[in-house]
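For reference, the structure is listed below as structure tokens.
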Amino acid sequence: MSWPDVVVTGQQYGPVHAIAFWDANKAHPLSLLTNLSDAAQAVRHYLRRAHIETLFSDQKSRGFRIDKSHIADPKRLARRLIAVCLAYIWIIYLGAIARRDDWVSIIHRPDRCDLSLFQLGLRLLRHLLKEAMPIPVGCILLDDAVV
């Protein structure tokens, strides 16, 4: 079900598009508010959210803790976000190096790996710093994707 051009809250925020849909794996309907006019497109975007939620948690609680910075100035926050995003890419690169060069058994458990590339990269960086080993800097190609 879909209701375009509704307003919400006591301050009459909107207009927004209100959507209710039933995921086959859920017992209750899910509700969305969006600025997208196409309800089907909004639901498709919502269902892909898990792919970006790890980025947000790596930026915040599981990684750089940017949510604890208490920066209020938008320009300073923008500069911090740029730096953190560049560092994020580099840590992902280190995670790819850890997988490619078989560091996983050294920095994680040898029987299986359940860590993201980000967490592998952080562990590899810690290990290399602790052992005073050279830290890789560069770019590699993995499965036709630049990391």
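Annotations
- Only one of the numbered conditions (1) closer than 25 Å to I135 by Cβ; (2) more than 16 Å from the chain's Cα centre (by Cα) is not met by R76, and that is (1).
- Whether a residue is over 30 Å from P134 (Cβ atoms) and in a strand (DSSP E or B) was assessed, and V16 passes this test.
- In region 74-93, the residues that are within 16 Å of R62 (Cα to Cα) form Cβ pairs under 8 Å with partners that are among the acidic types (D, E), at six or more places apart or across chains, as follows: Y88/D58.
- Hey, L32 assigned to a loop (DSSP other than H, G, I, E, B), at pLDDT 80 or above and assigned by TED's automatic domain parsing to the domain that holds V8 or not: no
- Residue within region 35-55 that is surrounded by 13 or more Cβ atoms within 10 Å (Cβ to Cβ) and under 30 Å from P134 (Cα atoms) present: yes
- A24 being over 30 Å from S2 (Cβ atoms) and over 21 Å from the mean Cα position of the chain (by Cα): no
- Only one entry in L115, L94 is modelled with pLDDT under 85 and closer than 19 Å to K130 by Cβ, namely L115.
- Scanning region 57-89 for residues that are in contact with a Phe, Trp or Tyr (Cβ under 8 Å, 6 or more places away or on another chain), not in a loop (DSSP other than H, G, I, E, B) and not acidic (D, E) yields a total of 4.
- Check on L94, buried (at least 18 other Cβ atoms within 10 Å of the Cβ) and under 20 Å from D67 (Cβ atoms): no
One line per residue, one yes/no per condition, for (1) in contact with a helix residue (DSSP H, G or I) (Cβ under 8 Å, 6 or more places away or on another chain); (2) more than 19 Å from R123 (Cβ to Cβ):
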{"residue": "E53", "(1), (2)": "no, yes"}
{"residue": "F56", "(1), (2)": "no, yes"}
{"residue": "F64", "(1), (2)": "yes, no"}
{"residue": "I71", "(1), (2)": "yes, yes"}
{"residue": "K75", "(1), (2)": "no, yes"}
{"residue": "A78", "(1), (2)": "no, yes"}
{"residue": "L81", "(1), (2)": "yes, yes"}
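- Among the residues of region 35-56, those that are touching a strand residue (DSSP E or B) at 6+ places or on another chain (Cβ under 9 Å) and in a loop (DSSP other than H, G, I, E, B) comprise N35, L36, S37, D38.
The values are calculated or read from the model by the stated rules, or taken from the named source; none is laboratory data. As the structure is a computational prediction, the values presented were derived from the model and not from experiment. Using ideal geometry, Cβ is built from the backbone for each residue, glycine included, and neighbour counts are taken over all protein chains shown.
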